[in-house]
Protein chains: 2
Amino acid sequence: MLLAVGDIYKALADPTRRAILDELCERDRQTLFELCGRLAVKHGLSSSRQAISQHLDVLAAAGLIGVEREGRYKFHTIDTSPLRAIAERWPPRGGGDGP
Amino acid sequence: MLLAVGDIYKALADPTRRAILDELCERDRQTLFELCGRLAVKHGLSSSRQAISQHLDVLAAAGLIGVEREGRYKFHTIDTSPLRAIAERWPPRGGGDGP
DNA sequence: AGCATAGGCAAGTAAACACTTGCATGTCAA
DNA sequence: TTGACATGCAAGTGTTTACTTGCCTATGCT
């Protein structure tokens with residue numbers, strides 16, 4: 001099974017995708033239409049449904065969101081665990097991590 | 001003076017730039033020519049000098065590397081502190097970070 | 001069944017990006 | 001000063017990427 005990790009770095013490169021993650025941080029488990037509405041109102045975005053849908057695909061391929069189907073609804077939940085790899089790849093220099 | 005924070009997310013989106021950060025993590029304070037050589041040998045990259053130079057500009061604009069001029073040499077040092085903003089923007093979910 | 005809602009697929013377009021090419025500037029040693 | 005070394009600048013090219021457009025499938029309600 002090829003997991004196709006995608007690329008969390010490329011996924012984070014787009015400001016619209018970062019706004020999606022922001023919104024899911026505030027209110028997790030949203031549908032595509034919910035996200036469209038809330039992104040438009042609260043984040044000032046004017047992206048179409050298809051644009052958001054494609055962004056969600058990229059975020060899911062990167063493992064940053066999970067999808068859960070229920071009937072005709074599809075809920076999206078954020079998953080921040082892949083972000084740890086970033087801080088671990090380039091750890092803080094200077095040794096001590098405490099004050 | 002306009003600091004032009006750049007975009008750390010866009011800066012991290014390119015695999016060559018990530019390799020540059022990897023290399024600077026191993027050996028900090030390298031010149032452009034040093035980086036070209038070590039990236040080619042140790043990371044299997046075949047990027048031209050100009051390509052690396054442009055990548056260094058992007059990384060510097062994002063605040064991920066610092067530059068220090070000495071005579072005709074220009075040394076590059078890594079700065080991982082902007083990476084903290086990523087983990088802080090989307091903190092781990094589940095509330096407590098302890099058991 | 002009939003219709004509205006929620007979402008999916010795929011081709012096409014315009015802008016952003018990485019990279020090249022060619023020449024110019026500045027520093028150091030002889 | 002001459003020449004070699006280290007880097008800078010800028011226009012041009014090909015690919016990637018975000019977005020649109022148009023149509024299609026599936027679920028749920030009456």
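Work out which residues of segment A:72-87 lose at minimum 30 square angstrom of accessible surface when the other protein chains are put back, relative to the chain isolated, with a 1.4 angstrom probe, and list them by number.
When all protein chains are present, A:THR80, A:LEU83, A:ILE86 each give up 30 Å² or more of accessible surface.
How big is the accessible area of A:ASP57 in square angstrom, nearest 10, if you roll a 1.4 angstrom probe over the protein chains?
Number for this one is 90 Å².
So if I place +1 on the C-beta of Lys and Arg and -1 on the C-beta of Asp and Glu, and nothing else carries charge, what would the dipole magnitude of the protein assembly as shown be about its Cα centre? I want it in debye, nearest 20. Numbers along the way, then the final one.
Values: 28 positive and 26 negative charges, 68 e Å.
Roughly 320 debye for the protein assembly as shown.
Taking only Cα atoms and a 10 Å spring cutoff, compute GNM fluctuations for chain A and point out the largest among A:VAL58, A:VAL41, A:VAL67.
Greatest mean-square fluctuation among the candidates belongs to A:VAL41.
From the label point of B:THR16, set 7 Å from Cα along Cα→Cβ, how far away are the matching label points in the other copies, in nm, ordered shortest to longest?
2.7
Considering only the other residues whose Cβ falls under 10 Å of the Cβ of B:ARG93, what net charge follows from Lys and Arg at +1 and Asp and Glu at -1? Don't jump to the answer; show the numbers that get you there.
On the way: positive: none; negative: A:ASP28, A:ASP79.
Residues near B:ARG93 contribute -2 overall.
Provide B:SER46, B:SER53 ordered by accessible surface of protein heavy atoms (probe 1.4 Å), highest first. Walk me through the numbers on the way to the answer.
Values: B:SER46 115, B:SER53 40 Å².
Descending order: B:SER46, B:SER53.
To one decimal in nm, how far is B:ALA60 from the same spot in the other copies, if labels go 7 Å from Cα toward Cβ? Please give the shortest first.
Here the equivalent label points are 4.3 nm apart from this one.
Can you give me the relative contact order of chain A as a percent, contacts being Cα pairs under 8 Å and 6 or more apart?
Working: 97 pairs, mean separation 30.4, N = 99.
It comes to 31 percent, rounded to a whole number.
What is the percent carbon and sulfur in the accessible area of the protein assembly as shown, measuring with a 1.4 Å probe over the protein chains and ignoring ligands?
Numbers: 6250 of 11780 Å².
Looking at the protein assembly as shown in its full context, I get 53 percent from C and S.
In chain B, which residue puts its Cβ closest to the axis that turns chain B onto chain A, and how many whole Å away is it?
Residue of B nearest the axis onto A, distance in Å: B:ALA13, 2.
Could you state how much accessible area is buried at the B-A interface, both sides summed, with a 1.4 Å probe, in Å² to the nearest 100? All intermediate terms of the calculation are to be shown ahead of the outcome.
Working: alone 6900 and 6900 Å², together 11780 Å².
Summing both sides, the interface buries roughly 2000 Å².
Leaving ligands, DNA and RNA out of it, rank A:ARG84, B:ARG89, A:ARG27 by accessible area with a 1.4 Å probe, largest first.
Numbers: A:ARG84 145, B:ARG89 90, A:ARG27 110 Å².
Ranking A:ARG84, B:ARG89, A:ARG27 by accessible area, largest first, yields A:ARG84, A:ARG27, B:ARG89.
Could I have the simple spin-label model distance between A:ARG69 and B:PHE33, label points 7 Å from Cα toward Cβ, reported in nm to one decimal?
Result: 6.0 nm between the two label points.
When ligands, DNA and RNA are left out and all protein chains stay put, how many square angstrom of accessible area per residue does segment B:12-79 have with a 1.4 Å probe? Can you show the working numbers first?
Numbers: 3510 Å² over 68 residues.
Ligands and nucleic acids excluded, the figure is 52 Å² per residue.
Compute the distance from the alpha-carbon center of segment B:1-60 to that of segment A:8-51, in whole Å.
So the separation of the two Cα centres works out to 30 Å.
Run the helix sum for chain B: -39,500 (n - 2.57) per DSSP H stretch of 4+ residues, divided by residue count, reported at 222 nm to the nearest 500 deg cm²/dmol.
Numbers: 5 runs with 48 residues, N = 99.
Mean residue ellipticity at 222 nm (helix-derived): -14000 deg cm²/dmol.
Find out how many positive minus negative residues lie around A:THR77, taking Lys and Arg as positive, Asp and Glu as negative, among other residues whose Cβ is under 10 Å from that of A:THR77.
Counting the neighbours of A:THR77, the net charge comes to -1.
Give me a comma-separated list of calculated 3J(HN,Hα) values for segment B:57-62, in order, Karplus coefficients 6.51, -1.76, 1.60 applied at θ = phi - 60°, integers in Hz, x for any Gly or Pro.
Values, residue by residue: 4, 5, 5, 5, 5, 7 Hz.
Taking the Cα centre of chain A as origin and charging only Cβ (+1 Lys, Arg; -1 Asp, Glu), how large is the dipole, in debye to the nearest 20?
On the way: 14 positive and 13 negative charges, 37 e Å.
That gives a dipole near 180 debye.
Nearest 10 degrees, 0 to 90: what angle lies between the long axis of helix B:15-26 and the longest principal axis of chain B (Cα atoms)?
Helix B:15-26 and the main axis of chain B meet at about 90 degrees.
Mind checking the mean number of beta-carbon atoms from other chains within 10 Å of the Cβ atoms in B:21-32? Intermediate results must be reported in sequence, preceding the final value.
Working: counts 2, 2, 0, 2, 4, 0, 0, 1, 0, 0, 0, 0.
Mean inter-chain Cβ contacts per residue within 10 Å come to 1.
How much solvent-accessible surface does A:CYS25 expose, in Å² to the nearest 10, with a 1.4 Å probe and all protein chains in place?
Number for this one is 40 Å².
Place the label 7 angstrom along Cα→C-beta at A:ARG29 and in each other copy, then list the distances from the first to the rest in nm, shortest first.
Listed shortest first, these distances are 5.4 nm.
The values are calculated or read from the model by the stated rules, or taken from the named source; none is laboratory data. The model shown is predicted, which means the values in this text are computed figures rather than measured ones. Neighbour counts are summed over all protein chains in view; Cβ atoms, including those assigned to glycine, are modelled from backbone coordinates with ideal geometry. Each accessible area value is taken on the protein alone, full model and side chains, heavy atoms only, with ligands, DNA and RNA left out. Shrake-Rupley method; radii C 1.70, N 1.55, O 1.52, S 1.80 Å.
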